[in-house]
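Asker: A single structure is presented below for examination.
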Amino acid sequence: MPVGERRDTDVPHEDVTPGPQRPPAAELFDALGPAYEKAFAHAPAHTTALEWLIEQLPPAARTLDVGSGTGRPAAAALVEAGHSVLGIDVSPVMVDLATRQVPAAEFRCADIRDFPLDADAFDGVCVFFSLLQMTRAEQSALLRRLARSLKPGGHLVLATVPADVENVEVTFMGHPVRATSFSEQDLTALLETAGLTVLSRHATTFTPDHPDATTEPHLYL
């Protein structure tokens, strides 16, 4: 249930060069559709991280769900707790599913790398496994922008597959993808540089409910 809390410091804004018109992540998650939700529906650490975030939020908080997928579990849990949610996903299939499954939230089909984010806009931000198909430079720049978008004292939860890898080919739920990530130590340093204080961390493993899935290391910060 690890999370970050924004320090009330000035975090510089850095724009990111927009990605290609059809990013690989859009193609992957268009293809996965509802199978992705089913595969990750019973991840205990994911549920715990969401519960932690909800406990920290003020009433009627404004929240951002980066890579919102089908809207479940993150957006659905936040809405149920009385918060407003803006979900951003690059996959139109996912955005359509989320809009139908969590009608009380707002979802937009956009690339978060070039989506405008106002400073001090959100009480909470979720980033669940949505960075892995970005370059390291894009991940770093986005985390700085997300930290800046948090209100002072706001909270961010981030989940990823921790690994010191860059643009390696892996198979995810039967689909070949290129993945980039950071070691736990480097990711922690990256978050702190972005202006966040890492309050807790949780490392675990999880096997998605899918015939082509393999056991994955997961890190929640």
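The values are calculated or read from the model by the stated rules, or taken from the named source; none is laboratory data. All values reported here derive from a predicted model rather than from experimental measurement. Please note: Cβ atoms are built from the backbone with ideal geometry, for glycine as well, and neighbour counts cover all protein chains shown. SASA here: full protein model, heavy atoms, side chains in, ligands and nucleic acids out. Shrake-Rupley method; radii C 1.70, N 1.55, O 1.52, S 1.80 Å.
Asker: Here is a list of conditions, (1) open to solvent by less than 20 Å² (accessible area, probe 1.4 Å); (2) over 22 Å from Thr48 (Cα atoms); (3) polar (S, T, N, Q), and Thr171 meets all of them except one; can you say which number that is?
Answerer: The failed condition is (1).
Asker: Looking for whichever is of a type outside the set (Asp, Glu) and farther than 17 Å from Leu221 by Cβ here; the options are Ala75, Ala49. Which one fits?
Answerer: Unique residue meeting the criteria: Ala75.
Asker: Of the residues that sit in segment 190-221 and are modelled with pLDDT of 95 or more and β-branched (Val, Ile, Thr), which one is most open to solvent (accessible area, probe 1.4 Å)?
Answerer: Among residues in segment 190-221 that are modelled with pLDDT of 95 or more and β-branched (Val, Ile, Thr), the one most open to solvent (accessible area, probe 1.4 Å) is Thr193.
Asker: Continuing with this model, one more query. Against the condition at pLDDT 90 or above, buried (at least 17 other Cβ atoms within 10 Å of the Cβ) and under 23 Å from Met134 (Cβ atoms), how does Ala75 come out, does it pass?
Answerer: Taking the combined requirement at face value, the residue satisfies it.
Yes or no, residue by residue, for (1) among the aromatic types (Phe, Trp, Tyr); (2) closer than 25 Å to Ala61 by Cβ; (3) in contact (Cβ under 8 Å) with a residue 12 or more places away in the chain:
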{"position": "Pro152", "(1), (2), (3)": "no, yes, yes"}
{"position": "Asn167", "(1), (2), (3)": "no, no, yes"}
{"position": "Pro176", "(1), (2), (3)": "no, no, no"}
{"position": "Ser181", "(1), (2), (3)": "no, no, yes"}
{"position": "Val198", "(1), (2), (3)": "no, yes, yes"}
{"position": "Phe206", "(1), (2), (3)": "yes, no, yes"}
{"position": "Leu219", "(1), (2), (3)": "no, yes, yes"}
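Asker: I'd like to check something: does segment 28-35 contain any residue that is over 18 Å from Phe129 (Cβ atoms) and open to solvent by 20 Å² or more (accessible area, probe 1.4 Å)?
Answerer: no
Asker: Just checking: which of the strands (runs of 3 or more DSSP E) contained wholly in segment 38-146 hold 3 or more residues that are hydrophobic (A, V, I, L, M, F, W, C)?
Answerer: 84-89, 122-128
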